[in-house]
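The values are calculated or read from the model by the stated rules, or taken from the named source; none is laboratory data. Please read all numbers here as calculations on a predicted model, not as lab measurements. As a convention, Cβ positions derive from the backbone with ideal geometry for all residues, glycine included, and neighbour counts pool all protein chains shown.
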Amino acid sequence: MLSKKIILIFFIIFLIAIIIVFYYLKLTKKDEVSEPPLKETEEMVYKSNIIKDINYSTKDAEGNEYIITALQGEIDYSNSDIIFLSKVKAFINLANSESIIINSDYGKYNSDNFDTIFSKNVIINYLENKITGEYLDFSMLRNSMIISKNVVYTNLENILKADVIEVNIKTKDTKIFMYEENKKVNIKSRN
């Protein structure tokens, strides 16, 4: 009878030991899975490329000033001159003219040549003129603004709808056109 009690005690101790071992192994596996290795964590810190409250400014030889601000930007890993922006606002202060103000949801700014692509909900204000669209390619080097996709131009007298408006910033020459030959630019008088 004593030997049966000893065998039962050893059996219970053996079961408890097995449960403890399995429990310990399970805990260590969870810890390994939930915590990334230190090396990966260090790499993530160094790869951070988000910039908050961006403000770039430049002036050309003729005195024209270009200022661009954004709520946030992300530097392109493959080209550090390219910055992807969100909640963008730009001011183009022309030496011999009034300022142009551009707003958009997103932008792609080249810090080397100052070319900027504005996209989604683009709004351009100049004097009493307003142009809206989905895409704007702005270049100081080319002295041009090319507005496209759902373009609507409004002023005090007219509302104009077109596929593309190209503006030479220097000369103020403007081209307004449709992509397809059979479609025409739509102009309505506000009066």
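This table checks each residue for (1) outside the structural domain of L136 (by TED's automatic domain parsing); (2) touching a Pro at 6+ places or on another chain (Cβ under 6 Å); (3) surrounded by 13 or more Cβ atoms within 10 Å (Cβ to Cβ); (4) assigned to a strand (DSSP E or B).
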| position | (1), (2), (3), (4) |
| --- | --- |
| D53 | no, no, no, yes |
| E74 | no, no, yes, yes |
| S97 | no, no, yes, no |
| Y109 | no, no, yes, yes |
Qualifying residue in segment 147-163 (condition: under 18 Å from S57 (Cβ atoms) and out of contact with any Lys or Arg (no Cβ under 7 Å at 6 or more places or on another chain)): no
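Among what's in segment 148-191 and is among the aliphatic types (A, V, I, L, M) and in a loop (DSSP other than H, G, I, E, B), pick the residue that is modelled with the lowest pLDDT.
This residue is I169.
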Some residue of segment 176-187 being touching a residue at least 24 places away in the same chain (Cβ under 8 Å) and either exposed (fewer than 15 other Cβ atoms within 10 Å of the Cβ) or within 26 Å of N113 (Cα to Cα) (or both): yes
Residue in segment 143-162 that is surrounded by the most Cβ atoms within 10 Å (Cβ to Cβ), counting only those that are closer than 24 Å to S111 by Cβ and hydrophobic (A, V, I, L, M, F, W, C): I147
Qualifying residue in segment 122-142 (condition: crowded, with 16+ Cβ neighbours inside 10 Å, outside any strand (DSSP E or B) and either among the polar types (S, T, N, Q) or assigned by TED's automatic domain parsing to the domain that holds I75 (or both)): yes
